[in-house]
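Enquirer: Take a look at this one; I'll ask things after.
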Amino acid sequence: MRDHTVDYRLVCTNCSAKYPENAQEFRCIICNGILEVSYDYGRLRLESNFRREKITHKKYAAFFPVNKRLVSLNEGGTELRRDVRLKGAWEGNGLHLKVETENPTRTFKDRGSSVEISKARELGFGEVCCASTGNMGLSLARYAREEGMKCTIFISKSANKEKIAKIRVQGAAIREIGGDFNDSLNAAESFAAKREVFLCGDYHYRKEGQKSLLFEAIEQMGYKVPDYIIVQVGNSTLLAAIFKGLKEFKYLGLISRIPRLIAVQSSRCDPIVRAYENERGVNYVRPKTRADAIAVGYPTFGFEGLNAVRATEGFAERVKDSEITKAISLLLKSTGIAAEPGGAAGLAGFLKICREKPKMFKGKEILVIITGNNEE
Ligand SMILES: [Zn+2]
């Protein structure tokens, strides 16, 4: 296990510029690229009882860039629902769902908030901010409240009103911004640049925290690697985190291969699917989907997400909003699990692929992530 004296560095994923541990840049100052936490993997040692330890987010502290206390609200340890049947659509074995709606604020975002708030505390900040479409803001506000930190959330005026109300209940200040998520993102970044405020959001520290979702699922499957992992994509941080987590487990010999990764977006906000199809870079698309949790026109981790799909010989798929609605209702009827549109887009993608390519998943193991439920 990482002994909390092993150094890490931040490395630009675009130009490979290196930054020291605890550097406060959130993008590369040379090329504006996204940074990544790079550990000295050769010194990563797992304790002998690692596989027997209870499965929770905290178990993977060795894989996080946190040197002091890990702030936790008992996030993670979510159910892996095995061999799920979906009435009339999937009657075989092999479909497994990771139920992230069981987290403290009902989404996978809590894993990233745990690491970000820990890091903000460790670096001496008393105030945080982030841009959000709703769920991340709610999660960050909850964790900031726990630590007695001031928190400001930048959110689009057109965002989900119920989510804005929930963030307010957690005591965060709310700045409603015109335009879409990317306008809120610009506002949050310039707010943090001018003040002693720790910028949270879809950057390198959050990505590290999101890896625990993948680690848990692999352990819950008894280290049997699925053939496919299907995940909905907004800012693409989770997809990038899953790919990084897979590479880390493989490096440590805990798994022997890496599954194919399938990215799913709404047809009304599909910049990564377009880039995949056109074999080009990711370009901005105006988001029009009602799946607000994945309504991101220009994903911060778009390049990394696309790379994860291509490197694993996976692919990107789009689904209609009406297909997402049907997937939510089928999921509820068949399993009792409730999800919001952004949380079930990956499942809608699975169902679409089953219809259009009926042989693809036959006899295979498929992991689908149900990421959240904050809309009722
Ligand atoms: Zn760079």
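Enquirer: Within region 291-307, can one find any residue that is more than 25 Å from Tyr205 (Cβ to Cβ) and surrounded by 24 or more Cβ atoms within 10 Å (Cβ to Cβ)?
Expert: Start the filter on region 291-307 by keeping residues that are more than 25 Å from Tyr205 (Cβ to Cβ), which leaves 291.
Subsequent filtering for residues that are surrounded by 24 or more Cβ atoms within 10 Å (Cβ to Cβ) retains 291.
The answer is yes, given that some residue of region 291-307 is more than 25 Å from Tyr205 (Cβ to Cβ) and surrounded by 24 or more Cβ atoms within 10 Å (Cβ to Cβ).
Enquirer: Working only within region 318-341, note down all residues that are within 20 Å of the chain's Cα centre (by Cα) and small (Gly, Ala, Ser). Please lay out each step first, then the result.
Expert: Of the residues in region 318-341, the ones within 20 Å of the chain's Cα centre (by Cα) are 318-319, 324, 328, 337-341.
Within region 318-341, Ala338, Ala339 qualify.
Enquirer: Sort out which residues of region 151-195 are assigned to a helix (DSSP H, G or I) and touching a residue at least 60 places away in the same chain (Cβ under 8 Å), and write them in order of number. Write out each step before concluding.
Expert: Start the filter on region 151-195 by keeping residues that are assigned to a helix (DSSP H, G or I), which leaves 161-169, 181-193.
Across region 151-195, the qualifying residues are Glu162, Lys163, Lys166, Phe181, Asn182, Leu185, Glu189, Phe191, Ala192.
Enquirer: Spot the failing condition for Glu375; the list is (1) charged (D, E, K, R); (2) more than 20 Å from the chain's Cα centre (by Cα); (3) not in a helix (DSSP H, G or I), and only one is missed.
Expert: Result: Glu375 passes all but (2).
Enquirer: Just a yes or no: is a residue in region 45-62 more than 18 Å from Lys211 (Cβ to Cβ), without any contact (Cβ under 8 Å) to a residue 24 or more places away in the chain and within 16 Å of the ligand (Cβ to nearest atom)?
Expert: no
Enquirer: Continuing with this model, one more query. Considering (1) within 26 Å of Gly222 (Cα to Cα); (2) assigned to a loop (DSSP other than H, G, I, E, B), say which one Ala308 fails and leave the rest.
Expert: The one condition Ala308 does not meet is (2).
Enquirer: Going by the conditions given, is Val115 closer than 30 Å to Gly297 by Cβ and either out of contact with any Ser or Thr (no Cβ under 6 Å at 6 or more places or on another chain) or not hydrophobic (A, V, I, L, M, F, W, C) (or both)?
Expert: Details: closer than 30 Å to Gly297 by Cβ: yes; either out of contact with any Ser or Thr (no Cβ under 6 Å at 6 or more places or on another chain) or not hydrophobic (A, V, I, L, M, F, W, C) (or both): yes.
When the stated conditions are applied, Val115 passes them.
Enquirer: May I ask you to list the residues in region 15-39 that are more than 23 Å from Gly124 (Cβ to Cβ), surrounded by 15 or more Cβ atoms within 10 Å (Cβ to Cβ) and either near the ligand (Cβ under 10 Å from one of its atoms) or over 21 Å from the mean Cα position of the chain (by Cα) (or both)?
Expert: Ala17, Cys28, Gly33, Ile34
Enquirer: Consider Gly342 against the criteria (1) surrounded by fewer than 24 Cβ atoms within 10 Å (Cβ to Cβ); (2) modelled with pLDDT of 95 or more: it satisfies all of them except one. Which criterion is unmet?
Expert: (1)
Enquirer: Between Val71, Val84, which is aliphatic (A, V, I, L, M), in a loop (DSSP other than H, G, I, E, B) and closer than 30 Å to Ile353 by Cβ? Show your work before the answer.
Expert: Details: Val71 fails: closer than 30 Å to Ile353 by Cβ.
Testing whether each residue is aliphatic (A, V, I, L, M), in a loop (DSSP other than H, G, I, E, B) and closer than 30 Å to Ile353 by Cβ leaves just Val84.
Enquirer: Continuing with this model, one more query. Which one of these is of a type in the set (D, E, K, R) and surrounded by fewer than 14 Cβ atoms within 10 Å (Cβ to Cβ): Arg195, Arg168? Let's see the steps before the verdict.
Expert: Working: Arg168 fails: surrounded by fewer than 14 Cβ atoms within 10 Å (Cβ to Cβ).
The match here is Arg195.
Enquirer: For Arg286, indicate whether it is surrounded by fewer than 17 Cβ atoms within 10 Å (Cβ to Cβ), touching a residue at least 12 places away in the same chain (Cβ under 8 Å) and of a type outside the set (Phe, Trp, Tyr). Please lay out each step first, then the result.
Expert: On the way: surrounded by fewer than 17 Cβ atoms within 10 Å (Cβ to Cβ): yes; touching a residue at least 12 places away in the same chain (Cβ under 8 Å): yes; of a type outside the set (Phe, Trp, Tyr): yes.
It is true that Arg286 is surrounded by fewer than 17 Cβ atoms within 10 Å (Cβ to Cβ), touching a residue at least 12 places away in the same chain (Cβ under 8 Å) and of a type outside the set (Phe, Trp, Tyr).
Enquirer: I need every pair where a residue in region 15-39 that is touching a residue at least 60 places away in the same chain (Cβ under 8 Å) has its Cβ under 6 Å from the Cβ of a residue that is of a type in the set (Ser, Thr, Tyr) and within 12 Å of the ligand (Cβ to nearest atom), sequence separation at least 6 or different chains.
Expert: Ile34/Thr13; Glu36/Thr13
Enquirer: Is it the case, given these coordinates, that Phe243 is over 12 Å from the mean Cα position of the chain (by Cα), under 30 Å from Met360 (Cα atoms), part of a helix (DSSP H, G or I) and hydrophobic (A, V, I, L, M, F, W, C)? Even if it seems obvious, please write down each step before you answer.
Expert: Values: over 12 Å from the mean Cα position of the chain (by Cα): no; under 30 Å from Met360 (Cα atoms): yes; part of a helix (DSSP H, G or I): yes; hydrophobic (A, V, I, L, M, F, W, C): yes.
So Phe243 does not fit the description; no.
The values are calculated or read from the model by the stated rules, or taken from the named source; none is laboratory data. Note that the structure is predicted; figures quoted are calculated from it, not measured. Methodologically, a virtual Cβ is constructed for each residue, glycine included, from the backbone with ideal geometry; neighbour enumeration extends over all protein chains shown.
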